[in-house]
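Values quoted throughout were computed directly from the atomic coordinates according to the rules given, and no laboratory measurement underlies them. Everything numeric here is computed off the predicted structure, so don't read it as measured data. Using ideal geometry, Cβ is built from the backbone for each residue, glycine included, and neighbour counts are taken over all protein chains shown.
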Amino acid sequence: MSKMEIMLTLQQKLNDSTNGEGWENGLTKQGKKIDWRRCIYLEAAELVESYPWKHWKNIDAKVDRANIEVELVDIWHFVMSEVLRVNRLNDNLPIVELAIRLEDAIGNIDAQKIEDDYYAEIEAIEELIKKLFCHFELVDFTKSYFELCRKLGLSFERLYQLYIGKNILNIFRQDHGYKEGSYIKVWNGKEDNVVMQEILASNSGITPEELYKRLEEKYSQA
């Protein structure tokens, strides 16, 4: 399996588990409406908040590069979900074929960060939001998303690593009461996202199963 196929497969499983099979028709198993595009633009707004764009507040603040990576990965969850939804309702390609189609379209996806111009980065984020509403086609939008990743300095390899980490964290959250509201998101002063990234950084090649186990260990100490 290619990394693209692995990610699409994991996202399909996560959505099936969280929302119930048939979520592609627009409703969760509880009957709640799903809107992946709204998810994308709200996460994109959070991505913009990683930049010190406010002229009236914290004018000497620095760009939060670590949070930019986290927000791009969160957006990727929702981009894949919308891609999977549109594919199921239209072409209904098997995931392996869908992955090949996306890989062929996006081509080389090495990171090429815009140099020292975070206003240009913000504008690139806003261009993606415009495409979401003005002209959405699943392959083209996925390509535009990876163009944004290039400009913001997130490589495909880094995206893959963080996606796997966040996917396992999302499963962990669901298993520990996230939907019911009993889950604790801050562990000893650190958000669970940060803890997950620290585990990945100090354990090269960690498997999804090992990551889940390490999260359980850290959570039990929270």
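General remarks:
- The chain: relative contact order in percent, alpha carbon pairs under 8 Å with at least 6 residues between: 20
- Within the range 94-222, the percentage of alpha carbon pairs spaced more than 20 angstrom apart rounds to 59%.
- Taking the inverse of the mean 1/r over every pair of distinct Cα atoms in the range 32-161 gives a Kirkwood hydrodynamic radius of 15.4 Å.
- Cα-centre dipole for the range 3-162 with unit charges at Cβ (Lys and Arg positive, Asp and Glu negative), debye to 20: 500
- Shown for the chain are the DSSP H helices of 30 Å or more along their axis, judged by Cα atoms, with a mean Kyte-Doolittle hydropathy of at least 0.0: 65-89.
- Full extension of the chain between Leu93 and His135 gives 13.0 nm of extra length, using 0.36 nm per residue less the Cα-Cα distance.
- Within the shell of other residues whose beta carbon sits under 12 angstrom from the beta carbon of Tyr178, the net charge comes to 0, with Lys and Arg scored +1 and Asp and Glu -1.
- Springs between Cα atoms under 10 Å define the GNM used for the chain, and in it the highest mean-square fluctuation of Glu180, Glu191, Glu82 occurs at Glu180.
- Cα→Cβ-extended label distance, 7 Å offset, between Arg158 and Tyr219, nm: 2.8
- Most mobile listed residue (Ala44, Ala61, Ala120) in the chain, GNM with C-alpha springs under 10 Å: Ala61
- Going from the residue with the fewest nearby Cβ atoms within 10 Å to the one with the most, His55, His77, His176 rank His55, His176, His77.
- Computed from the alpha carbon positions, the gyration tensor of the chain leads to an equivalent ellipsoid with semi-axes of 25, 25, 18 Å, biggest first.
- Formal net charge of residues neighbouring Val139 (Cβ-Cβ distance under 10 Å; K, R +1; D, E -1): -1
- Near the amide H of Leu27, within less than 5 Å, lie the amide hydrogens of Ile34, all on another chain or at least 5 residues away, with H placed in the peptide plane.
- Anisotropy class of the range 1-109 from Cα gyration tensor, a/c 1.5 cut: oblate
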